[in-house]
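Report on the following structure.
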Amino acid sequence: MEKILITGSSGQLGSELIIALSEAYGEENIVAADIHEPKNKDDYLFFEKIDVIDKNLLLEVARKYKITQIYHLAAILSATGEKHPGLAWRVNIDGLMNVLDVARDLKVKKVYWPSSIAVFGPNTPKQDTPQHTVTDPGTVYGISKLTGERLVEYYFYHYGLDVRSLRYPGLIGYQSLPGGGTTDYAVEIFHKAIMGDKFTCFLRQDSRLPMMYMPDAVRATLELMEADAGKIKIRSSYNIGAMSFTPGDIYRMVKKHYPRLEIEYRPDFRQEIADSWPRNIEDSYARHDWGWNHHYDLERMTEDMIMNLKERIPATG
Ligand code: NAD
Ligand code: AKB
């Protein structure tokens, strides 16, 4: 019987992954944990308010529930990280080491920790960015993810801890709003369209980035975690790709459903971050090693996002 702890459970990814994990393992086997309480606490049988920087509390919670797997999602993302670099380092690195130490000491069977396309930087090839290439991130977030990749690989080779990881592109989902990243615009545009508001985009019209719809990201995560250990050849973090588009592309696609949607481009400090990231990702290792395959392109994602968000947001436009 598995008992699964999810840190960062109130976030954009956590709030979606917890639904899939509850379906797969049973609600009674899932422990949600975050520094912020979830919007609907009643949705969870077990919720623990924790700060991942507090190692003793993490240990206490993991012991209390006899945790066998940890999905460690708690993090400070790229844009917030540039505003609060010290906090980003403490949460992303000290928090990760705490989770890895607790997992090692309690002999937890498996740990999942996400990395990001933010590990790449201005000197990385931007087109079809390979798995093994230059990684020279220019943000504290990216530096923390790159350090994290080295740490999880270290814990695997030195302590035998079964840690697995994916380098997600920008994630787009409807369960919750994103939490301070550079790719957040691609979620916000849907909310503005449905509410009938004008959308002000903080990136340029032609700023191309790799992106993924949340159902693909959640499925990739579960498939990686359920794969035979022998198939996981990369113990730092796997490149995974799905689609790649610009703000101009997604605007045109959403406008097909909301013809009155207006957009204004006002690039801010996040433009420099976006300019340093890949345009699209080469992910043949993930496809070969454990069978990764994406299902959603821009058109299919847009239809599904709008269908699901419309049920959640009262339309005013
Ligand atoms: P998010 O900001 O929406 O959620 C992060 C959660 O962590 C929040 O609920 C926050 O309250 C919590 N948290 C922050 N500090 C904490 C602390 N000290 N202790 C406990 N909880 C704390 O982020 P997300 O989009 O859900 O991202 C989840 C993970 O996936 C992160 O590791 C992120 O780097 C990674 N990732 C996300 C994306 C994306 O596009 N969303 C892309 C690449 C990688
Ligand atoms: C961010 O923009 O910071 C995240 C990411 C790509 O890691 N969405």
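The values are calculated or read from the model by the stated rules, or taken from the named source; none is laboratory data. This structure is a prediction, so every number in the text was calculated from the model and none was measured. Please note: Cβ atoms are built from the backbone with ideal geometry, for glycine as well, and neighbour counts cover all protein chains shown. Note: areas computed on protein heavy atoms with side chains; ligands, DNA, RNA excluded. Shrake-Rupley method; radii C 1.70, N 1.55, O 1.52, S 1.80 Å.
Proximity of backbone amide H atoms, modeled 1.01 Å from N, is registered between THR200 and GLU264 at under 5 Å, excluding neighbours fewer than 5 places apart on the same chain.
Taking the longest Cα principal axis of the chain as reference, the axis of helix 247-257 is set at about 70 degrees. Amide H contacts of VAL31: ILE4, LEU5, ILE6, each under 5 Å away and 5 or more positions distant or on a separate chain (H built 1.01 Å from N in the peptide plane; Pro and chain starts excluded). Taking all protein chains as shown and a probe of 1.4 angstrom, ARG312 keeps an accessible surface of around 110 Å². Among LYS49, LYS41, the sequence by solvent-accessible area, most first, with a 1.4 Å probe is LYS49, LYS41.
Out of region 186-276, which trypsin sites (Lys or Arg not before Pro) are coil in DSSP terms and have no more than 13 other C-beta atoms within 10 Å?
Numbers: sites: LYS192, LYS198, ARG204, ARG208, ARG219, LYS231, LYS233, ARG235, ARG252, LYS255, LYS256, ARG260, ARG270; in loops: LYS198, ARG204, ARG208, LYS233, ARG235, ARG260.
Sites meeting the loop and neighbour criteria: LYS198, LYS233, ARG260.
Maximal additional length on extending the LEU45-LYS64 stretch stands at 5.4 nm, based on 0.36 nm per residue less the C-alpha distance. Each residue of region 230-243 was assigned a 3J(HN,Hα) from its phi angle through the Karplus expression (A = 6.51, B = -1.76, C = 1.60, θ = phi - 60°), giving x, 7, 8, 8, 9, 10, 8, 6, 8, 4, 9, x, 8, 10 Hz with x at Gly and Pro. With a simple spin-label model that places each label point 7 Å from the Cα along the Cα-to-Cβ direction, the separation between GLU188 and ASP105 comes to 4.1 nm.
Taken about its Cα centre, the chain carries a charge dipole of about 220 debye when Lys and Arg each add +1 at the Cβ and Asp and Glu each add -1 at the Cβ. The alpha-carbon of LYS3 sits under 24 angstrom from the alpha-carbons of these lysines, leaving out residues fewer than 8 places away in its chain: LYS39, LYS41, LYS49, LYS55, LYS64, LYS66, LYS107, LYS109, LYS110, LYS231. Assuming charge only on the beta carbon of Lys and Arg (+1) and of Asp and Glu (-1), the dipole of region 107-198 about its Cα centre is about 280 debye to the nearest 20. Summarising the amide proton neighbourhood of SER244: residues at separation of 5 or more, or on other chains, whose placed amide H is nearer than 5 Å comprise MET211.
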